[in-house]
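Student: Would you mind keeping the following structure in view while I ask a few things?
The values are calculated or read from the model by the stated rules, or taken from the named source; none is laboratory data. Just so it is clear, the model here is predicted, and its values are computed rather than measured. Cβ sites come from the backbone with ideal geometry, for glycine too, and all protein chains shown count toward neighbours.
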Ligand SMILES: C[S@@+](CC[C@H](N)C(=O)[O-])C[C@H]1O[C@@H](n2cnc3c(N)ncnc32)[C@H](O)[C@@H]1O
């Protein structure tokens, strides 16, 4: 059991957060509001063209094996500005969504939980889980393993937790690993009560592989919960949101982080993620029991702000 606060296999700093990542300089961007070119893709988003498997990286098509390092470079580049940028881009709304996400899961309500927050980045969800359990239920035993593929994001999280009461306690650990293939030795099967992933799954090359791993590491009866950008339902609202995303967010990236390309990727990646019913079906296909394939009470997901983001849940029986 990993109960110590540690950073496994930290990667060396690659570049200054202000540096334009070289791999992104040549990115070909579609026009504002353009829909991604439809491709005959599998549910993982992967295509097979000739003998090379390809996937999407924002609106680009890239070899499947390239995506992981492209995504890693994006988050290496944005790590130090990530929290500030999140606030600026969403005007603070991401905090409300994350609060709502955690409050719905009620960590600590039925005793301490062993949680894993995958693609956990700088620890936003982990901190909320621990605070919620402590403040609402006086639970000081719930623990969270924050897992991320990117050592730079984890380092930011580690620094942040240093200033909290959880530092150096068995309640928090930071671990570097790929959500699609978490080493069995470090992440044994049937271990966790709660698996969370917030704004992370769309960055992974294979969504089914992430879900498969989530299913593996959860205990029977454990809950999978995903907060992710999704598909806006109302066409008028969607077009306003598209205008905002494609013009304001890359501009903020330039002004606040000196990095337009990474933030352009973040916007594009949102548009490439499957809409709510499709993603819910993928969760079911991984073996989870979900609500019906609809939104709201008794459904597999809940829309936030008309679907700008959504919360999908499933239970491993
Ligand atoms: C947009 S951030 C979200 C961070 C945090 N969950 C939050 O809500 O603030 C996405 C995170 O996913 C991580 N990530 C991307 N691909 C991953 C993978 N295959 N396995 C684990 N983490 C991954 C990135 O490194 C990054 O920290």
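Student: Looking only at the range 164-200, which residues are in contact with a helix residue (DSSP H, G or I) (Cβ under 7 Å, 6 or more places away or on another chain), closer than 12 Å to residue 217 by Cβ, assigned to a loop (DSSP other than H, G, I, E, B) and more than 15 Å from the ligand (Cβ to nearest atom)?
Tutor: Hits for the range 164-200 are 189, 191.
Student: Name the one entry in 262, 310 that is modelled with pLDDT under 90, under 23 Å from residue 206 (Cα atoms) and either out of contact with any strand residue (DSSP E or B) (no Cβ under 6 Å at 6 or more places or on another chain) or surrounded by 15 or more Cβ atoms within 10 Å (Cβ to Cβ) (or both).
Tutor: Working: 310 fails: modelled with pLDDT under 90.
Exactly one of 262, 310 is modelled with pLDDT under 90, under 23 Å from residue 206 (Cα atoms) and either out of contact with any strand residue (DSSP E or B) (no Cβ under 6 Å at 6 or more places or on another chain) or surrounded by 15 or more Cβ atoms within 10 Å (Cβ to Cβ) (or both), namely 262.
Student: Please enumerate the residues belonging to the range 257-278 that are away from the ligand (no atom under 16 Å from the Cβ) and in a helix (DSSP H, G or I).
Tutor: Within the range 257-278, 260, 276, 277, 278 qualify.
Student: Here's another thing I want to ask about it. Can you find, within the range 120-142, the residue that is nearest to the chain's Cα centre (by Cα) among those that are within 9 Å of the ligand (Cβ to nearest atom) and farther than 17 Å from residue 193 by Cα?
Tutor: Filtering the range 120-142 for residues that are within 9 Å of the ligand (Cβ to nearest atom) and farther than 17 Å from residue 193 by Cα, the one nearest to the chain's Cα centre (by Cα) comes out as 121.
Student: Still on this structure: Limited to the range 78-105, what total is found for residues that are over 15 Å from residue 124 (Cα atoms), more than 11 Å from the ligand (Cβ to nearest atom) and at pLDDT below 95?
Tutor: 2
Student: Do we find a residue being within 14 Å of the ligand (Cβ to nearest atom) and either part of a helix (DSSP H, G or I) or under 21 Å from the mean Cα position of the chain (by Cα) (or both) anywhere in the range 215-222?
Tutor: Yes, the range 215-222 has at least one match.
Student: Considering (1) surrounded by 15 or more Cβ atoms within 10 Å (Cβ to Cβ); (2) assigned to a helix (DSSP H, G or I), say which one residue 239 fails and leave the rest.
Tutor: (1)
Student: Any idea which residue in the range 152-163 is nearest to the ligand (Cβ to nearest atom), counting only those that are surrounded by fewer than 21 Cβ atoms within 10 Å (Cβ to Cβ), in a helix (DSSP H, G or I) and over 18 Å from the mean Cα position of the chain (by Cα)?
Tutor: 160
Student: Only one of these is over 30 Å from residue 222 (Cα atoms) and touching a helix residue (DSSP H, G or I) at 6+ places or on another chain (Cβ under 8 Å): 83, 87. Name it.
Tutor: Matching residue, one of 83, 87: 87.
Student: Is it fair to say residue 78 is surrounded by 23 or more Cβ atoms within 10 Å (Cβ to Cβ), touching a residue at least 12 places away in the same chain (Cβ under 8 Å) and within 30 Å of residue 219 (Cβ to Cβ)?
Tutor: no
Student: Do we find a residue being on the phi > 0 side of the Ramachandran plot and within 9 Å of the ligand (Cβ to nearest atom) anywhere in the range 143-151? Walk me through how you get there before you give the answer.
Tutor: Kept after step one, since they are on the phi > 0 side of the Ramachandran plot, are these residues of the range 143-151: none.
For the range 143-151, residues on the phi > 0 side of the Ramachandran plot and within 9 Å of the ligand (Cβ to nearest atom): absent.
Student: Now a separate question. In this structure, is residue 284 out of contact with any strand residue (DSSP E or B) (no Cβ under 8 Å at 6 or more places or on another chain) and part of a helix (DSSP H, G or I)? Spell out the reasoning first.
Tutor: Values: out of contact with any strand residue (DSSP E or B) (no Cβ under 8 Å at 6 or more places or on another chain): no; part of a helix (DSSP H, G or I): yes.
Considered against the rule, which asks whether it is out of contact with any strand residue (DSSP E or B) (no Cβ under 8 Å at 6 or more places or on another chain) and part of a helix (DSSP H, G or I), residue 284 comes out as no.
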